[in-house]
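Here is the structure we will look at.
The values are calculated or read from the model by the stated rules, or taken from the named source; none is laboratory data. It should be emphasised that the depicted structure is a prediction, and the values quoted were computed from it without experimental measurement. Counting neighbours? That spans all protein chains shown, and the Cβs are built from the backbone with ideal geometry, glycine included. Note: areas computed on protein heavy atoms with side chains; ligands, DNA, RNA excluded. Shrake-Rupley method; radii C 1.70, N 1.55, O 1.52, S 1.80 Å.
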Amino acid sequence: MNLEAVASITWAKTLPEIATEDIQHFYSPVKLFFGRKNINVDSVNTKAVYEKNIHQEFLSVTLIPSANHSMLKNSLVDSKSLTFFTALFAPRQLVDKRYYEGIEE
């Protein structure tokens, strides 16, 4: 198992303990985006922690199936050259359209 995989497992398991106390004190709107292809954070578990600890009227969550941690489309993650040329010639194609729709709300 590589170091990145170990770090992602550790973070996913410790986030609830780290964040729960802090997020219980959010009293302003919170917009969360989670990428399902995220290897750094367990998006389903993290979403559940936020939904449990933030009042529903303050929380908006968007789960993007094709995105990674940085909201980059999964098809671009392993190719620096493809990511570069996409950013250069079609920058709005770097991330899923649901991300753009969510940030425009």
| task | Under 12 Å from the Cβ of residue 59, count the other residues' Cβ atoms, weight Lys and Arg +1, Asp and Glu -1, and hand me the total. | result | +1
| 3J(HN,Hα) from dihedral phi, the range 68-77, Karplus parametrisation 6.51/-1.76/1.60, rounded to Hz, x for glycine, proline | 9, 4, 8, 6, 5, 4, 4, 5, 9, 4
| remark: Square roots of five times the C-alpha gyration tensor eigenvalues of the range 37-105, ordered largest first and given in whole Å, equal 27, 15, 7
| request: With r as the distance between the Cβ atoms of residue 88 and residue 45 and R0 = 25 Å, compute the FRET efficiency 1/(1 + (r/R0)^6) and round to 0.05. | output: 0.10
| Between residue 100 and residue 30, what FRET efficiency follows from the Cβ-Cβ distance if R0 is 25 Å, with the result rounded to 0.05? | 0.85
| message | Need the list of lysines near residue 52 for cross-linking: C-alpha distance under 29 angstrom, and skip anything on the same chain fewer than eight residues off. | response | 13, 31, 37, 73, 97
| Whose amide H sits under 5 Å from the amide H of residue 59, counting only residues 5 or more places off or on another chain, with H placed in the peptide plane? | 30
| Solvent-accessible area, 1.4 Å probe, carbon plus sulfur percent, for the range 33-76 | 48
| query | Accessible surface of residue 94 in the full protein assembly, 1.4 angstrom probe, to the nearest 10 Å²? | reply | 30
